Amino acid sequence: MSDLKPLLNVDNLRVRFPSRDGFTEAVRGVSFTVGREKLGIVGESGSGKSMTGRAILRLVPPPGEVTADRIEFDGTDLRTASERRMRGIRGRGISMVMQDPKFSLNPVMTVGHQIAEAYQVHTKASRSDARRRTLEMLEAVRIRDPERVFGLYPHEVSGGMGQRIMIAMMLIPDPALLIADEPTSALDVTVQMQVLAIMDELCGGRGMGLIFISHDLNLVASFCDRILIMYAGRVVETCRADELRSAKHPYTRGLLDSLPRLDETRAELPVLTRDPAWATAGDPKGGAT
Amino acid sequence: MIEVEDLNVIFGHGGGAIHAVRDVTFRVGAGESFGLVGESGSGKSTVLRAISGLNPDWTGIISVDGEAQRQRRDKAFHKRCQMVFQDPYGSLHPRHTVDRILEEPVAIHGMGDADKRIDRVLREVGLGPQFRFRFPHQLSGGQRQRVAIARALILEPRVLLLDEPTSALDVSVQAEILNLLKRLRSELALTYILVSHNLSVVAFMCDRLAVMNRGRVVEEMDAVTLRRGEASQDYTRQLLRASLGYDRAAADSFRDFA
């Protein structure tokens, strides 16, 4: 965290999809800023956390509609930037790691070429230069034999390695901000920790900002600096990660309590009772959608 | 209740053969809840599938309820021993109603009285009769998993084999399903084998557990020892440490165990 002005400013972000009876609102008035820090966005499925990440990069698929009072990245208004300008920002300015490497890597291109392409698109680097940088990057994400992995196709690598390859691809243009949407939830715990260590190092070393989207409260609490807790398309609570244990909102408390612990002695887990007021609290229209 | 001795599972032949399970031995007493823990590829699900009869390529001894099992199982076995799968979105027929999903096992086993049984089992899993004529797509993930549990329970089995029953669910829904499974076990005197990668879930659900890595059982321990974090093997200690959340120093110290 720094006193410099934030990398990204988001004000009153809304995402809605037309449905049979009017609109379904996936994100309802979310505001936050990200500096050179690790910001966690936590929520259950359907809370709007992934849509928030996608909306920033204008990746919400039609017929979804995005509105906001402000989405500003490094002086650029992302709401009105041209597609051409957006292509420059995606990757170089803000890049995004998706959840599943199986669906995010090109299956008919070797992983080395995919990573090198990501580099060449954003820099005017020569092919041999791109290859060298790619090998360096593969090594940075702790792939033991980068030369061999360079020539492999996505189906030839394990899930954990695929995820590290994705991270290498997203980091090679040296983005100022990385949005990682459940980047490690498909991985085994020990591999997960190693992948997080790589991202941690890059945040510290390059001063990169990170938006870490996850459903795993404990993981986010131990990894991030700050946390937004989302419920039904809005942010119900913001806190410092090390203060999550003393969170106040009943939803956050309920989520924390419903997690079994390693030293579990409770005979029964408390079940979350959802209060309809959580979804409408703070809504200027009093919950009318 | 369940005895597994020198279980070996090999997929494929010759040079491409994969030895997925190596000399696995454990016992589960009647009414006990036993956990199988490990990372992906450790062979934990393969052990479960061999016990359930879904995987015929095994050697060794599997005995359930005092009866040594052969590769093929008879109908009576499946009535005693039922399985609940990980993905509630994939394990229910998308074009069958809950009623039809639950009616089928009753018909197969000629148990009769389907109407009453379905009604009762839906209540047991906490779904009212109003869910009976819905299709899976009209249910939430947690409700689907309840239907999958109901489908297993309707045969009045003695053993439930649970393969990551909550890992596809949100944490608040996970709590509901874990509570349900725990209550059902004590009410119906069931024996559980629970496969999970989540040590906390196993600490909540099980009395004893075996930790697996690369096809072998690394360590068997009781839940009290797990809760205290007193593992005797390095592999288990590493797994425990990784489960506690992100810790830079810990992540750097992780290594591969052959």
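Filtered by the rule that a residue be over 27 Å from A:Ser45 (Cα atoms) and crowded, with 19+ Cβ neighbours inside 10 Å, the stretch B:185-214 gives B:Leu190, B:Thr191, B:Tyr192, B:Ile193, B:Cys206, B:Arg208, B:Leu209, B:Ala210, B:Val211, B:Met212, B:Asn213.
Can A:Leu262 be described as modelled with pLDDT under 90 and farther than 24 Å from A:Ala68 by Cβ? Taking the combined requirement at face value, the residue satisfies it. Does the stretch A:15-27 hold any residues that are among the charged types (D, E, K, R) and buried (at least 21 other Cβ atoms within 10 Å of the Cβ), and which are they? Residue satisfying the conditions is A:Arg16 alone. Can you find a residue in the stretch A:223-243 that is among the aliphatic types (A, V, I, L, M), in contact with a helix residue (DSSP H, G or I) (Cβ under 8 Å, 6 or more places away or on another chain) and over 27 Å from A:Met96 (Cβ atoms)? No. Check B:Arg237, B:Arg227 and return the single one that is facing chain A (nearest Cβ under 9 Å) and either surrounded by 14 or more Cβ atoms within 10 Å (Cβ to Cβ) or touching a strand residue (DSSP E or B) at 6+ places or on another chain (Cβ under 7 Å) (or both). The unique qualifying residue is B:Arg227. So which residues in the stretch B:147-180 are closer than 23 Å to B:Leu36 by Cβ, away from chain A (no Cβ under 11 Å) and part of a helix (DSSP H, G or I)? The answer is B:Ala148, B:Ile149, B:Arg151, B:Ala152, B:Leu153.
For B:Asn179, the criteria (1) buried (at least 21 other Cβ atoms within 10 Å of the Cβ); (2) farther than 30 Å from B:Ile18 by Cα hold in every case but one, which is (1). Within the stretch B:221-258, being within 20 Å of B:Gly41 (Cβ to Cβ), outside any helix (DSSP H, G or I) and not aliphatic (A, V, I, L, M) holds for B:Gln233, B:Phe254, B:Arg255, B:Asp256, B:Phe257. Taking the listed residues A:Ala197, A:Ala186, the one that is free of Cβ contacts under 8 Å to residues at least 12 places away in the same chain, closer than 26 Å to A:Ala241 by Cα and assigned by TED's automatic domain parsing to the domain that holds A:Glu37 is A:Ala197, with no other qualifying. The single condition among (1) more than 30 Å from A:Ala279 (Cβ to Cβ); (2) not assigned by TED's automatic domain parsing to the domain that holds A:Asp188; (3) not hydrophobic (A, V, I, L, M, F, W, C) that A:Asp100 does not satisfy is (1). The set of residues in the stretch B:114-142 being part of a loop (DSSP other than H, G, I, E, B) and under 21 Å from B:Val171 (Cα atoms) consists of B:Val125, B:Gly126, B:Leu127, B:Leu139, B:Ser140.
Of all residues being touching a helix residue (DSSP H, G or I) at 6+ places or on another chain (Cβ under 6 Å) and closer than 24 Å to A:Met51 by Cβ in the stretch A:196-216, which is nearest to the other protein chains (Cβ to nearest Cβ)? Just the residue, please. Here the residue is A:Leu196. Does any residue of the stretch B:78-89 turn out to be over 30 Å from B:Val9 (Cα atoms), touching a Lys or Arg at 6+ places or on another chain (Cβ under 9 Å) and of a type in the set (Ser, Thr, Tyr)? Within the stretch B:78-89, not a single residue is over 30 Å from B:Val9 (Cα atoms), touching a Lys or Arg at 6+ places or on another chain (Cβ under 9 Å) and of a type in the set (Ser, Thr, Tyr).
For the residues B:Asp247, B:Asp222, B:Asp252, the requirement of being more than 9 Å from chain A (Cβ to nearest Cβ) and acidic (Asp, Glu) singles out B:Asp222.
Each row is one residue, and each column tells you yes or no for (1) among the hydrophobic types (A, V, I, L, M, F, W, C); (2) part of a strand (DSSP E or B); (3) touching a helix residue (DSSP H, G or I) at 6+ places or on another chain (Cβ under 9 Å); (4) at pLDDT 90 or above.
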| site | (1), (2), (3), (4) |
| --- | --- |
| B:Arg22 | no, yes, no, yes |
| B:Arg27 | no, yes, no, yes |
| B:Arg49 | no, no, no, yes |
| B:Ser63 | no, yes, no, yes |
| B:Gln71 | no, no, no, no |
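The values are calculated or read from the model by the stated rules, or taken from the named source; none is laboratory data. No experiment lies behind these values; they were computed from the predicted model shown. Cβ atoms come from the backbone with ideal geometry, glycine included; neighbour counts cover every protein chain shown.
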